[in-house]
Amino acid sequence: MKKFIKIFALIIVVLTIFTGCASKSTPKPSFTSTPEPTTTLEPSSTPEPTNTPEPTATQTPEYCNLDDFWAAGDEIIRIFGEFNDQVQIFADSSDTLTGDYQGILVEVTRLQRELTDLDVPGCMDYLTQILDEAMSKLIKAVTYLIAGDLSTSAVYIVETTTQILLFTPELERLINCVPNCEP
């Protein structure tokens, strides 16, 4: 059974390193001008008796404002980096089954709270959902490991890894489409 845990720990370490390197290597594109907000047409309030109403332009908030995106993105990447550190600590300690699992639980719970409290633009909702789910899965993996249920813990380790693998491509997608990202 220890060999089984070591294999999953190795998978997490490799994927963590891969994911961490991919997210660090993505440079922020430089923007020389801020795009104009999108406009929506609304009918005028005084319709003409025989004609259809003429539309008037009104400002609508951007779905993914650049300033909000980069501010939230920096925080999400910081949280992801600290989460990655906890995944690494868990992977290293699960080899011997003698790790500070309570410390991991405390740190990941703190990071999850920070993520939940973070104000992000709408285009980043899915990214934060991916990271939140990864944290929830790691908390469950650690909890089951503490309880001695190694097979259930292994399932949650795989699910944590899956969520981590979704994070970097979604972040790259957002960087490439901001400010015109689709949900």
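Just so it is clear, none of the values below were taken in a lab; they were calculated from the coordinates. Every value quoted in this text rests on a predicted model; they were computed, and no experiment measured them. Here Cβ is always computed from backbone atoms with ideal geometry, including for glycine, and neighbour counts include all displayed protein chains.
General observations
- Restricting attention to the range 123-145, the residues that are of a type in the set (F, W, Y) and over 20 Å from Y101 (Cβ atoms) total 1.
- Test: residue in the range 109-121 that is touching a residue at least 40 places away in the same chain (Cβ under 8 Å), hydrophobic (A, V, I, L, M, F, W, C), assigned to a helix (DSSP H, G or I) and surrounded by 15 or more Cβ atoms within 10 Å (Cβ to Cβ): no
- Screening the candidates V142, V155 for the property of being out of contact with any Asp or Glu (no Cβ under 9 Å at 6 or more places or on another chain), in a helix (DSSP H, G or I), free of Cβ contacts under 8 Å to residues at least 40 places away in the same chain and not basic (K, R) yields one hit, V155.
- Single match in F167, F90 (criterion: farther than 24 Å from F69 by Cα and touching a residue at least 24 places away in the same chain (Cβ under 8 Å)): F90
- Counted residues, the range 122-133 - those being surrounded by fewer than 18 Cβ atoms within 10 Å (Cβ to Cβ) and in contact with a Pro (Cβ under 9 Å, 6 or more places away or on another chain): 3
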